[in-house]
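Participant: Questions regarding the structure given below will be posed in turn.
Each reported figure results from applying straightforward, stated rules to the coordinates on display, with no laboratory input. Computed from a predicted structure; not experimentally measured. Because the Cβ atoms are built from the backbone with ideal geometry, glycine has one as well, and the counts that use them run over all protein chains shown.
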Amino acid sequence: MDKHIVAQVEAALSEVLEREITGLTEEARLLEDLHLDSTSVMEMLMHLEDSLGIVIDPENLDMEDFQSVGTLTAYLARVAPEPQLQGR
């Protein structure tokens with residue numbers, strides 16, 4: 001898992017759930033373990049859009065992307081822009 005993305009997911013979850021979230025594992029389930037509902041998922045996605053500088057298209061989202069922290073970070077890694085190479 002991308003540590004930068006995981007840190008952003010932890011920050012977004014902490015904001016949405018109004019409690020500190022740290023030490024997430026790839027297997028942590030968003031809906032069952034962290035008790036997210038549809039409203040908190042939308043809030044988390046908006047926070048992640050701002051913090052990662054991405055736009056999440058709801059048409060491209062699948063429920064599989066929300067099964068766990070691992071599946072969410074994999075989705076975010078796919079939609080996040082590549083870091084700009086220094087010196088170019």
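Participant: Nearest 10 degrees, 0 to 90: what angle lies between the long axis of helix 3-17 and the longest principal axis of the chain (Cα atoms)?
Facilitator: Computed tilt is about 40 degrees.
Participant: Can you tell me the relative contact order of the chain? Whole percent, Cα pairs under 8 Å, sequence separation 6 or more.
Facilitator: Averaging sequence separation for qualifying contacts and normalising by length gives 38 percent for the chain.
Participant: If I stretch the segment between residue 31 and residue 57 completely, what's the gain in nm (0.36 nm per residue apart, minus their alpha carbon distance), one decimal?
Facilitator: Roughly 7.3 nm would be gained on extension.
Participant: Let me check I've understood the local charge: for residue 33, count other residues with C-beta under 14 angstrom from its C-beta, Lys and Arg +1, Asp and Glu -1. What total comes out?
Facilitator: -3
Participant: Where does the chain land on Rg(C-alpha)/(2.2 N^0.38 Å)?
Facilitator: 1.06
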